[in-house]
Amino acid sequence: MAKLMIPTPLRQFVDGRDTVEVEASTVGEALDKLTSQHTELRRHLFSEEGKLRSFVNVYMNDEDIRYLERDKTAIAEGDTISIVPSIAGGKHVG
Amino acid sequence: MSANPMSPNPAALGNDEIQRYSRHLILPEVGMEGQLKLKQAKVLMIGAGGLGAPLGLYLAAAGIGKIGMVDFDVVEMSNLQRQVIHGTADIGRPKLDSAAERMADINPFVEIVKYNTRLSSENALDIFKDYDIVVDGTDNFPTRYLVNDACVLLGKPNAYGSIFRFEGQATVFGYQDGPCYRCLYPEPPPPGLVPSCAEGGVLGILPALVGSIQATETVKIILGKGETLSGRLVLYDALNMKFRELKLRRNPECPLCGDHRTIHALIDYEQFCGIPQQAAEPEPEAALNEWEIDPRGLKAKMDRNDPVFILDVREPHEFQICSIPNSVLIPLGDLPKRVGELNTADDIVVHCKSGMRSAKAVNFLKTAGFTKLKNLKGGILAWSDDVDPAVPKY
């Protein structure tokens, strides 16, 4: 079981929860399961080509998966995956 | 006041300064040496809003010698829930005036410089060059990238903080070969995908904590003491009262601070963030397009008893604050699965708070085969302005 930490802006797509647990052996698999359970979330995390969006970072425990093995990063029991999108804080700009 | 209240010498403290900073002076990590560093320091704050409020108050109190502030907003009623540097009597005043007055009252020994302007690629380098550290308390992505790039180009550390609803992020960018904002997020989200604070709300106390972290990091960098947040991103979740820390690395491929830099000058950040160019002065009354109706037009229809279906696509908690009579609530996110509740034969007017979500709803309904559609221009805010002032604005 991997624990996925859902950031505030994306909780609306997972029924308001702050964590979701999925059975997976890699980070890619965990995100795949998460977004097939919660389809609205997919377009917020992935581009149309299926690439992780560049304003969304994914951490395996405290390490950015870009500096591990990206979506192939293996997960073990008790690991925490965090989704950390950029937030600007404030008001309308457009 | 004593005989020697403030020393004009930047390398000495007057008697009143010694008294004022006594709790710093008896801290071994600050002491006379550290307090003089603070007195000689020049810190630039970007924004005098939510994050700027605690920053301004504490940086002034700490005795930073020169504090610059960039902001062009005026104080509004809805700011006061979190921007504690401003008061009710300040509504309508420039935030810079209100903040500077409060800071000068807290500490008259601080020199405050006001930049009443929108920070831009044209003025940023010129403003930044006079300062040692920049504190980013802005509220939008174009300015975030602008501040980051200008700091890296000039080699100035950037004490960063950001807030949303109950969640905050803080770190230090561009300090001693540490990562920059572009290392963390190479590109901004497209407009509309991430809700803003105005759409999403923010806990009023949240910026107090995040801004205090930024102020703390600023003071530590000046003192050269402790371990800064450079290379670490603090995530704060107020709702669950949890702090977490993630590692940040300088990205060797970063176009700004990486090994093969391709950015050597400031760019057009509005364009970079996908925001259409705005006219310097907003047009007073832009014409309605064929998919829009203004509040007076809708009111006229209602007064004539024309059959019109008013669809409100805001969230239920917004509907509780105020609504247009006889409107039906279907939040934007629920629209795809509830579209069957609408009739393509009806004349439908869609509205939200200010007209952005309803424009998305109109686009969605067009693709679903609806043709008799209008977006209420300016949303319920414009309805309150132009038709019914009894409807509260939020």
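The values are calculated or read from the model by the stated rules, or taken from the named source; none is laboratory data. This one's a predicted model, so the numbers in the text were calculated from it and none came from an experiment. Heads up, the Cβs are rebuilt from the backbone with ideal geometry, glycines too, and the neighbour counts pull from every protein chain shown.
Computed quantities for the displayed model
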| item | result |
| --- | --- |
| Of residues in region B:163-172 being crowded, with 24+ Cβ neighbours inside 10 Å and at the interface with another protein chain (Cβ under 7 Å from one of its Cβ atoms), the one modelled with the lowest pLDDT | B:PHE164 |
| Any chance B:LEU27 is of a type outside the set (Lys, Arg), more than 16 Å from B:GLU111 (Cβ to Cβ) and surrounded by fewer than 21 Cβ atoms within 10 Å (Cβ to Cβ) | yes |
| Those residues of region B:340-388 which are assigned to a helix (DSSP H, G or I), under 19 Å from B:GLY297 (Cβ atoms) and charged (D, E, K, R), in sequence order | B:ASP385, B:ASP386 |
| Subset of region B:107-121 (residues that are surrounded by fewer than 16 Cβ atoms within 10 Å (Cβ to Cβ) and either of a type in the set (S, T, N, Q) or more than 21 Å from B:ASN4 (Cβ to Cβ) (or both)) | B:ASN116, B:THR117, B:ARG118, B:SER120 |
| Flag for B:ASP259 being modelled with pLDDT of 90 or more and in the same structural domain as B:PRO189 (by TED's automatic domain parsing) | yes |
| Sole residue being facing chain A (nearest Cβ under 7 Å) and more than 23 Å from B:ARG82 (Cα to Cα), chosen from B:TYR175, B:TYR185 | B:TYR185 |
| Some residue of region B:107-114 being of a type outside the set (Lys, Arg), in a helix (DSSP H, G or I) and on the phi < 0 side of the Ramachandran plot | no |
| Matching residues in region B:329-378 - criterion: being more than 20 Å from B:GLU290 (Cβ to Cβ), of a type in the set (A, V, I, L, M, F, W, C) and within 13 Å of chain A (Cβ to nearest Cβ) | B:LEU332, B:LEU335 |
| Qualifying residue in region B:144-153 (condition: within 11 Å of chain A (Cβ to nearest Cβ) and either surrounded by 24 or more Cβ atoms within 10 Å (Cβ to Cβ) or not small (Gly, Ala, Ser) (or both)) | yes |
| For B:PRO191: the one exception among (1) more than 11 Å from chain A (Cβ to nearest Cβ); (2) surrounded by fewer than 23 Cβ atoms within 10 Å (Cβ to Cβ) | (1) |
| Matching option when the condition is within 16 Å of the chain's Cα centre (by Cα) and within 11 Å of another protein chain (Cβ to nearest Cβ), among B:LEU246, B:LEU206 | B:LEU206 |
| Condition met for A:THR39 (more than 10 Å from every other protein chain (Cβ to nearest Cβ), farther than 21 Å from B:GLN169 by Cβ and buried (at least 17 other Cβ atoms within 10 Å of the Cβ)) | no |
